[in-house]
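For reference, the structure is listed below as structure tokens.
Values quoted throughout were computed directly from the atomic coordinates according to the rules given, and no laboratory measurement underlies them. These numbers were taken from a predicted model, which means no experiment stands behind them.
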Amino acid sequence: MTVSADRRHITVCDKDADILYAEAEYATSMLGIHKVADSNGAAPGCGQDATYISLIDVFKLCPGIRSVKGSVGHL
């Protein structure tokens, strides 16, 4: 997971081919709480999001497990 130096872009990458996925929850200076995930595992591409008015103040990485039926749950 990376947050840009200007605190406006966040990227989450899951590079392992396993049953886990990566999701980030972040809060902005405008008091918004958002989530961005990379749920495709080792497939190309990452989850990305951006803020245009506010800044990303705090963030946390939340791993999860893919279930057999395709739904997801947090660890």
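What is the extension gain from Lys35 to Arg8, computed as 0.36 nm multiplied by their sequence separation minus the C-alpha to C-alpha distance, in nm to one decimal?
On the way: separation 27, 0.36 × 27 = 9.72 nm, distance 1.39 nm.
Stretched out fully, the Lys35 to Arg8 stretch lengthens by 8.3 nm.
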Given the options Leu61, Leu20, Leu31, which has the most mean-square fluctuation in a GNM of the chain, springs set between C-alpha atoms less than 10 angstrom apart?
Leu31
